[in-house]
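All remarks here apply to the structure that follows.
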Amino acid sequence: MKKNIKYGVSLSVMALLLSLGSFVYAQEDNSEDSETGTPVACTMDAKVCPDGSSVGRVGPKCEFAKCPGDITNIDVNAGINLGSGRGEVRVKISDNDKDGIKDSLDTDDDNDGILDINDKKPNDNDNDGLNDSVDTDDDNDGQSDDVDNDDDNNGTDDNNFKTDIKEKKIQLKTEVEGVKDELKKFKEENKVRIEAMIQTVKMNRELFKTEFESKKEEAKVKTEEMKARFKEGLKVVKDEDKKISAEKIVEIVAELNVKLTEDLSSKVDKIENVLTSVESRISKAESKGTDVTSVKAEVEKAKVAIAAARTGISTQAGKIYTVNITSESTLKTEMKKIRDAFSADIKTVRELVKQAHNAVRVTAVTLAQIPKIDEDVEVDSQVEVNSNTSNNQ
């Protein structure tokens, strides 16, 4: 009896193996190698599928065939549709950190080194406290992620990244063009302001030039008249050398007065050029919202100093130095008086020019002390007003 049972079990095992072998053999692929053209024979292994069925290896790589309903080879970074028509089923697999492991199986969805169970927000697009891997509505728009093509609710189809990038580029380009237009407008407005300022400076110089030339012409006529009277007064002097020396002194004083007033006028023009350059920088900084109140006050002081210097120069240009000779004994004293008076007058005018120079220097220093002034305006914004205020000698 025991012997019969033993034989019976052995026969059952053999029958099972034969049936399994025949099943595996039935799964053997008869395809050929694409390179050599030789038939491919895979090993007769079997894989048990989740639904209880079995699959074998198939060529040309002898990989296990797919189990019924198997979707493990779906691209985890894309959504796909299985089937068509009204029976369509949409499958969407999320992989937030793009590590090849779908979020439902990934223990660290954002790949930050913190396990999702300890991570407060491993991947929570709508900040509702639910991880996107378990949230059925990632952007909280009331539409299930299975049918929502815009999970992040940015207004762009998630499956069309190129369109999203293109739209962002267009938006950025528009913003950049807007900034360029504003800068262009600012430069044009500032250019108009600076040009108006330069024209004002030129006009004031022309007015001074007209007055200055008029004073010189008046002085020239009066000087010739004074020389004639002086020469007549020298008749009381018997020493010819003294006469010649006295006439030279009068001539030299008259010539020096013309030359020095013209030189000082030219210096004032240069000082004013610096002030104009400072004003142009102030204008640019003010248009950008910089507080330039303190330096504008110094500009006004400098303008007053420049005007005072020009008034002094014009007055000096119209002066003549008369000598009254009554006797030969007083000639030396009279000639010393004319020299001393001329020196004192020129010194006074030079002091006025120096004060104008110092006023502009203080203005420039005050401008430089304004925080970030060189970041607000171009450092090389030099403005020079070309205007002739003197005649050729």
Set T348, T276, T330, T366: member being assigned by TED's automatic domain parsing to the domain that holds V253, touching a residue at least 12 places away in the same chain (Cβ under 8 Å) and under 30 Å from V221 (Cα atoms): T348
Those residues of the range 261-291 which are among the polar types (S, T, N, Q) and either over 31 Å from the mean Cα position of the chain (by Cα) or outside any helix (DSSP H, G or I) (or both), in sequence order: T261, S265, S266, T290
Residues of the range 186-219 satisfying the condition of being touching a residue at least 12 places away in the same chain (Cβ under 8 Å) and of a type in the set (K, R): R193, K202, R205, K209, K215, K216
Single match in G233, G178 (criterion: modelled with pLDDT under 90, within 26 Å of A317 (Cα to Cα) and in a helix (DSSP H, G or I)): G233
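The values are calculated or read from the model by the stated rules, or taken from the named source; none is laboratory data. Remember, predicted model here, so these are calculated numbers, not experimental data. Positions of Cβ are backbone-derived with ideal geometry, glycine not excepted, and every protein chain shown enters the neighbour counts.
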